[in-house]
Every structure is written in structure tokens, then in C-alpha cells.
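K.L.:
Quick one: structure below, then a few questions.
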Amino acid sequence: MLFDLHLHTTLSDGAMKPADIARLSKEQYTGAGVADHISPYQKIRDEQSFAAYRKELLKHDLLAGAEICLGPVIDISQESLSSLDYIIGSIHALFFDENLSLYFWDDRVRFPNLQYLVDHYAKTVVHFLDTAPINIMGHPTLLPMFMQSKGIIDPFSDSQIHDMVAAGVRNKVAFEISSRWKVPSERFLRECARQGAFVSLGSDAHTADQAFNLDFPLQMMEKTGIDRGQLFVPVKKTR
Ligand SMILES: [Zn+2]
Ligand SMILES: [Zn+2]
């Protein structure tokens with residue numbers, strides 16, 4: 001069975017209830033993993049809100065995951081986080097020093113040195129793959145929106161792609177192929193195929209019409225020669 005492991009609910013910023021997702025999952029013969037946002041800027045941000053989130057998910061026939069923001073300090077213990085079935089870590093902002101950070105959806109941003117940004121991005125991916133206790137890297141190589149609007153889609157060098165994929169392989173972290181953001185690139189996924197990296201499928205759906213739409217990731221797997229055996233399948237820990 002295939003799994004959509006990146007679904008948002010009303011427990012963070014989605015429009016579906018966990019029960020809606022459980023029902024859709026049965027109707028579509030596709031496994032479901034809820035991965036609501038955990039971040040200082042979202043509803044699930046401390047032990048109390050985390051416990052309520054976990055408890056709610058356990059009532060349903062779903063995998064219980066989360067999408068944590070890589071970078072900001074989160075006030076939830078590692079022990080609590082690892083009680084979930086799996087953790088997605090996503091880069092939504094880059095931090096350069098304590099005075100300079102770049103949130104990807106900030107459209108007022110001006111960043112003159114794009115080469116420096118791309119370099120910092122690739123190093124940040126490797127850093128979090130090596131240090132963050134995550135199972136999946138969410139929408140890897142998703143660029144800040146201002147770069148996408150300039151038509152910059154895949155600015156990484158071959159050696160940067162090689163290093164990012166190698167870090168996923170050595171830490172056994174899967175790279176998500178995202179229906180919503182159409183990342184990572186074909187070049188990146190060919191390198192995943194070559195190095196035997198794990199991948200996962202995610203719609204990043206916030207509404208029912210987006211949920212379980214895995215056409216893009218499945219086509220990309222096919223096109224780049226990634227074997228179904230490379231799909232990350234979480235083990236259900238939560239009962
Ligand atoms: Zn995300
Ligand atoms: Zn998401």
C-alpha cells in the first residue's frame with residue numbers, strides 16, 4: 001500500500017479533521033499519515049498542546065506524525081516527539097546569524113547574493129540531516145518564494161546535490177517528493193536513485209481536494225528510476 005505521509009488537519013492550519021482523513025484514506029485505498037505543524041509560531045508548540053495533539057490522533061486509524069520547523073527552538077522534549085510514528089523536518093526559513101533570517105514566504109525579501117544563499121541552503125540541509133532526529137526531510141530544496149518568482153528552480157551544483165543525498169543516506173532520512181511544491185528536482189531524484197536513498201510521498205494537503213494526490217511523486221519515481229523498495233514506510237508505534 002502507498003502512503004501519503006504529509007497531511008495537515010484542523011489541529012494546525014489544515015481544513016480537514018483527522019476523522020475526514022481516516023475516511024478518505026479508506027475510500028482511496030491509500031495509507032494516511034497526519035503531519036501537522038509543530039513550531040513556536042503554530043498551535044502545537046509546547047508539551048501541553050503536543051499531548052492534546054497526540055491524544056487526538058490516537059483516536060483514529062492513521063499514522064501519527066508531525067512536521068517540525070528546522071531551525072527555531074521547540075519547547076517539546078525529544079522523548080515526546082519520538083513517541084510519534086515519524087517526524088518530518090522541513091526548512092521554512094534560513095538562519096544566517098542572530099540578526100538575519102529569511103522566511104521563505106516573505107515577499108518583501110531582497111537578498112543580493114544568491115550564490116551565497118544557495119550555498120548556505122545546501123549546507124543547512126546537510127547539517128539538519130546529520131543532527132536533527134527526523135525520519136523524513138519535507139519538501140527538500142524548496143526555495144524561498146522570491147527566488148521561484150525569478151524563475152530560479154534548481155540552482156544546486158552536482159556536488160551540492162551529491163552531498164545532500166549522501167547525508168540522507170548515511171542518516172537514513174528519507175527525502176519527501178512533494179505534490180504541492182513539485183520538489184525535489186529530477187536531477188536530485190536521479191541522485192537518490194543512484195545512491196539508494198529513501199524517499200516518501202507527500203501531498204502536503206491542507207484541504208480534502210489535495211489529499212492523497214500522489215501523481216507527481218509517483219511520476220517522478222518512475223521517471224528517475226527510484227524503486228518502490230526505496231519508499232520509507234513508518235512503523236506504527238502509537239496505539
Ligand atoms: Zn512545510
Ligand atoms: Zn506541510
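The values are calculated or read from the model by the stated rules, or taken from the named source; none is laboratory data. In this text the structure is predicted, and so the values were computed from the model without any measurement. Reconstructed Cβ throughout: ideal geometry from the backbone, glycine too, with neighbour counts over all protein chains shown.
K.L.:
Could you list, in sequence order, the residues of segment 191-209 that are in a loop (DSSP other than H, G, I, E, B) and either more than 13 Å from ligand 2 (Cβ to nearest atom) or without any contact (Cβ under 8 Å) to a residue 12 or more places away in the chain (or both)?
P.N.:
Of everything in segment 191-209, those that are in a loop (DSSP other than H, G, I, E, B) and either more than 13 Å from ligand 2 (Cβ to nearest atom) or without any contact (Cβ under 8 Å) to a residue 12 or more places away in the chain (or both) turn out to be GLY196, ALA197, PHE198, ALA208, ASP209.
K.L.:
Identify the single condition in (1) over 30 Å from VAL235 (Cα atoms); (2) in a helix (DSSP H, G or I); (3) within 16 Å of ligand 1 (Cβ to nearest atom) that ASP119 does not satisfy, given that it satisfies every other one.
P.N.:
ASP119 satisfies all of (1) over 30 Å from VAL235 (Cα atoms); (2) in a helix (DSSP H, G or I); (3) within 16 Å of ligand 1 (Cβ to nearest atom) except (3).
K.L.:
For segment 122-147, which residues satisfy the criterion of being of a type in the set (Val, Ile, Thr), within 13 Å of ligand 1 (Cβ to nearest atom) and loosely packed, with under 15 Cβ neighbours inside 10 Å?
P.N.:
none
K.L.:
Oh, and also: Just to be sure, is ILE74 in contact (Cβ under 8 Å) with a residue 60 or more places away in the chain and farther than 20 Å from THR10 by Cα?
P.N.:
When the stated conditions are applied, ILE74 does not pass them.
K.L.:
Here is a follow-up. Got a sec? Which of SER185, SER178 is more than 15 Å from ligand 1 (Cβ to nearest atom) and either within 23 Å of GLY202 (Cα to Cα) or touching a strand residue (DSSP E or B) at 6+ places or on another chain (Cβ under 7 Å) (or both)?
P.N.:
Checking each option against the conditions leaves just SER185.
K.L.:
For the structure I just gave you, tell me whether PHE216 is under 25 Å from ASP163 (Cα atoms), among the aromatic types (Phe, Trp, Tyr) and either within 16 Å of ligand 1 (Cβ to nearest atom) or in a strand (DSSP E or B) (or both).
P.N.:
So PHE216 fits the description; yes.
K.L.:
Take the residues of segment 146-178 that are in a loop (DSSP other than H, G, I, E, B) and within 15 Å of the chain's Cα centre (by Cα): which is farthest from LYS123 (Cα to Cα)?
P.N.:
Per the criteria, the residue is LYS172.
K.L.:
Moving on. Might you let me know whether segment 98-115 holds any residue that is in contact (Cβ under 8 Å) with a residue 24 or more places away in the chain, in a strand (DSSP E or B) and among the charged types (D, E, K, R)?
P.N.:
no
K.L.:
Considering only residues that are part of a loop (DSSP other than H, G, I, E, B), within 15 Å of ligand 1 (Cβ to nearest atom) and among the β-branched types (Val, Ile, Thr), look in segment 70-92 and name the one that is nearest to MET145 (Cα to Cα).
P.N.:
Top of the filtered list is ILE91.
K.L.:
OK, next. Does ALA35 meet the test of being in contact with a Leu (Cβ under 8 Å, 6 or more places away or on another chain), small (Gly, Ala, Ser), within 14 Å of ligand 1 (Cβ to nearest atom) and under 21 Å from GLU176 (Cα atoms)?
P.N.:
Here the answer is yes, as ALA35 does meet what is asked.
K.L.:
Next question, about the same structure. With respect to VAL235, determine if the residue is out of contact with any Leu (no Cβ under 8 Å at 6 or more places or on another chain) and modelled with pLDDT under 95.
P.N.:
yes
K.L.:
Now a separate question. So if I check each of ILE134, ILE88, which one is more than 23 Å from ASN213 (Cβ to Cβ), within 15 Å of ligand 2 (Cβ to nearest atom) and under 15 Å from the mean Cα position of the chain (by Cα)?
P.N.:
ILE134
K.L.:
From LEU62, LEU11, which residue is more than 14 Å from ligand 1 (Cβ to nearest atom), closer than 25 Å to PHE216 by Cα, under 19 Å from the mean Cα position of the chain (by Cα) and surrounded by fewer than 23 Cβ atoms within 10 Å (Cβ to Cβ)?
P.N.:
Answer to the selection: LEU62.
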